[in-house]
Protein chains: 2
Amino acid sequence: MRIFRAVAVFSLGVFVLGCATARHADRGSEALLEVDRAWAAAASEGKDLERIVSFWSDDATVVPAGAPVVQGKPAIRAFVQQSLSTPGFHISWRSDRASLSADGTMGFTTGTNAMTVPGPDGKVMTIAGRGVAVWRRIPGGEWRCVIDIWNSGP
Amino acid sequence: MRIFRAVAVFSLGVFVLGCATARHADRGSEALLEVDRAWAAAASEGKDLERIVSFWSDDATVVPAGAPVVQGKPAIRAFVQQSLSTPGFHISWRSDRASLSADGTMGFTTGTNAMTVPGPDGKVMTIAGRGVAVWRRIPGGEWRCVIDIWNSGP
């Protein structure tokens, strides 16, 4: 009986954990979109370098369209700093979807973006793009972007 | 005592589950890279459309550099079929990294690719790229790519 009871309690525990995980994932995808919106707002404002950079993990990889891969927080900070100090630079994006692993420890967001940069003729041009970000929860529960890639359409 | 024992058994269960999950994730990232290698081999061979297409989930999204977003298996099949029937077309890729959620239900791979396509002057040209794929385990445990995006460097 004791074994039966222990198994029953264990099974109940797994069931409760399972339900909690499913609810967690539902709430989690909306929470992740909120984090992404806060990031997009900071990036679009283009003023607070440390806040913008804080959304990436320390070991994040950025794969920018038309530029070398940027690996790790110090390189990402320099990349963002250079972008923000480029005359006419502006970035905006909007994620339309977030999806999580069953346990809510990993997720991805997809969306569209627009980047204004100096063109080959020196005049600023705005390039429309599509982006995918992969996210991980760090200890404490906050989300950090670990992979960040975008490209342009036709 | 019974409560204590039940809690102890439950805690042991969670601990064992936790260890199993961690081992699972370690084995899982190598298994995911193997799946990706099999996919790359089929795509590089460029002969078996259905096998190539089978690695994507039914609801997958492909975000090709320089082309419109391709959404869902039928559209992806048409996209791949068109690519394979393009004279001179060839694709190859190699993923260098796979990383999974703690529960092994989601993962991503990153790597480099090369695509040979007819250029603007009609001669074939090979474009080097960097790609990110997001994967999900489907019921039964197999991996399917749910998001697929790539771009080119400088």
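The values are calculated or read from the model by the stated rules, or taken from the named source; none is laboratory data. Since the structure is predicted, the reported quantities are computational estimates derived from the model, not experimental observations. FYI the Cβ positions are ideal-geometry reconstructions off the backbone, even for glycines, and counts take in every protein chain you see.
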Looking at A:LEU17, is it hydrophobic (A, V, I, L, M, F, W, C), in a helix (DSSP H, G or I) and modelled with pLDDT under 95? yes
Test for B:TRP56: is it more than 14 Å from every other protein chain (Cβ to nearest Cβ) and surrounded by 20 or more Cβ atoms within 10 Å (Cβ to Cβ): yes
If you go through B:ARG144, B:ARG97, the only one that is surrounded by fewer than 16 Cβ atoms within 10 Å (Cβ to Cβ) and either touching a helix residue (DSSP H, G or I) at 6+ places or on another chain (Cβ under 9 Å) or among the hydroxyl-bearing types (Ser, Thr, Tyr) (or both) is B:ARG97
Would you mind listing the strands (runs of 3 or more DSSP E) fully within the stretch A:64-154 where at least 3 residues are away from chain B (no Cβ under 14 Å)? A:90-100, A:106-118, A:124-137
Which of the residues that make up the stretch A:100-126 are crowded, with 16+ Cβ neighbours inside 10 Å and in contact with a strand residue (DSSP E or B) (Cβ under 6 Å, 6 or more places away or on another chain)? A:LEU100, A:SER101, A:THR105, A:MET106, A:GLY107, A:PHE108, A:THR109, A:THR110, A:GLY111, A:THR112, A:ASN113, A:MET115
Could you figure out which of (1) of a type outside the set (A, V, I, L, M); (2) touching a residue at least 40 places away in the same chain (Cβ under 8 Å); (3) under 22 Å from A:GLY131 (Cβ atoms) isn't true of B:ARG94? (3)
Checking A:TRP39 against (1) assigned to a helix (DSSP H, G or I); (2) of a type outside the set (A, V, I, L, M); (3) surrounded by fewer than 15 Cβ atoms within 10 Å (Cβ to Cβ): exactly one of these is not met. Which one? (3)
Could you list, in sequence order, the residues of the stretch A:42-57 that are outside any helix (DSSP H, G or I) and in contact (Cβ under 8 Å) with a residue 40 or more places away in the chain? A:GLY46, A:PHE55, A:TRP56, A:SER57
